[in-house]
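J.: Pasting a structure here, questions to come.
The values are calculated or read from the model by the stated rules, or taken from the named source; none is laboratory data. In this text, all values refer to a predicted model and were calculated from it rather than measured experimentally. Backbone-built Cβ (ideal geometry, glycine too); neighbour counts: all protein chains shown. What goes into the accessible areas is simple: the full protein's heavy atoms, side chains included, and nothing from ligands, DNA or RNA. Shrake-Rupley method; radii C 1.70, N 1.55, O 1.52, S 1.80 Å.
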Amino acid sequence: LLKAAVEDFAPTYLHRPVVLLVTESRRRLAYQDAAQLRRIHLEPDARIMPDLLLADVGAPDSELRLVFIECVATGGAMSRERVAALRTWLVDNGFSGIRAAFGTVFRDRSDQVFRRLVGDLEWGTFVWFATEPRDLLVLLKTGTFEPREALDGILERAGEAG
């Protein structure tokens, strides 16, 4: 799942993705791009880092964007607690206003793990399925969208597809 997130998700959804760090259960910081982390003044905390931390360094507005991803084969989705801990870490590192996204990668929508954890996913995060690499499930949070406008957009895109 981690490989799919780096090779398929990142280039599809980010302008110019950079892998900042990868964690594993055996080695908490299995990989880190120390030079990039220093350049943007981030100090990883191995206790709370997700499976994958990406930076989008090519956004049109030239603003740094961070994407925190959990790759879930058994457990560890982006829950309210995980997102809160990561947001606190960002504030502690001086990044309170940065644009950050939080996502969970599952193998497939029909996967039993997804069905078991979907209720734990935090609003405002996204879900990406490795078997459907061009699609993204976004859990929109009240106050971040206008319901009628969001539905209008969905209906408009559905009309284009049909």
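J.: Taking the Cα centre of each part, how many Å lie between the stretch 27-67 and the stretch 101-131?
T.: Result: 22 Å between the Cα centres.
J.: In the stretch 1-97, carbon and sulfur make up what percent of the accessible area (probe 1.4 Å)? Could the numbers behind the result be given before it?
T.: Numbers: 2530 of 5130 Å².
Summing carbon and sulfur atoms, their accessible area is 49 percent of the total for the stretch 1-97.
J.: Quick one: angle between helix 147-161 and the longest Cα principal axis of the chain, in degrees between 0 and 90, rounded to 10, please.
T.: Between helix and principal axis, roughly 80 degrees.
J.: To continue, here is another question. Solvent-accessible area per residue for the chain at a 1.4 Å probe radius, Å²?
T.: 59 Å²
J.: Under a Cβ-Cβ cut-off of 11 Å, what is the net charge of the residues other than Gly124 that fall near it, where Lys and Arg count +1 and Asp and Glu count -1?
T.: Computed value for this residue: +2.
J.: Taking square-rooted eigenvalues a ≥ b ≥ c of the alpha carbon gyration tensor, is the stretch 38-105 rounded, prolate or oblate, where a/c under 1.5 means rounded and, failing that, a/b exceeding b/c means prolate?
T.: prolate
J.: Let me ask another. Enter the angle in degrees (range 0 to 90, nearest 10) between the Cα long axis of helix 80-92 and the first principal axis of the Cα atoms of the chain, meaning the one along which they spread out most.
T.: Between the helix axis and the principal axis of the chain, the angle is about 50 degrees.
J.: So who's got an amide H within less than 5 Å of the one on Leu42, skipping anything under 5 residues away but keeping other chains? H placed 1.01 Å off N, in plane.
T.: none
J.: What 222 nm value per residue comes from the helices of the chain, counting each DSSP H run with n ≥ 4 as -39,500 (n - 2.57) and dividing by all residues, nearest 500 deg cm²/dmol?
T.: Details: 5 runs with 44 residues, N = 162.
Mean residue ellipticity at 222 nm (helix-derived): -7500 deg cm²/dmol.
J.: Note down the net charge around Asp108, summing +1 for each Lys or Arg and -1 for each Asp or Glu among other residues with Cβ under 12 Å from its Cβ. Can you show the working numbers first?
T.: Details: positive: Arg107, Arg109, Arg115; negative: Asp111, Glu132, Asp135.
Here the count lands on 0.
J.: Which of rounded, prolate or oblate describes the stretch 1-69 when judged by the alpha-carbon gyration tensor and an a/c cut-off of 1.5?
T.: Judged from the Cα gyration tensor, the stretch 1-69 comes out oblate (a/c at least 1.5, b/c at or above a/b).
J.: Would you mind telling me the antiparallel percentage of the DSSP bridges in the chain, rounded to 5? Please report the intermediate quantities before stating the final value.
T.: Working: 15 of 26 bridges.
Taking every DSSP beta bridge within the chain, about 60 percent pair in antiparallel fashion.
J.: Let me have the relative contact order for the chain, percent, based on Cα pairs under 8 Å that are six or more residues apart.
T.: Reported as a whole number, the value is 18 percent.
J.: Which value results when the Cα radius of gyration for the chain is divided by 2.2 N^0.38 Å?
T.: 1.05
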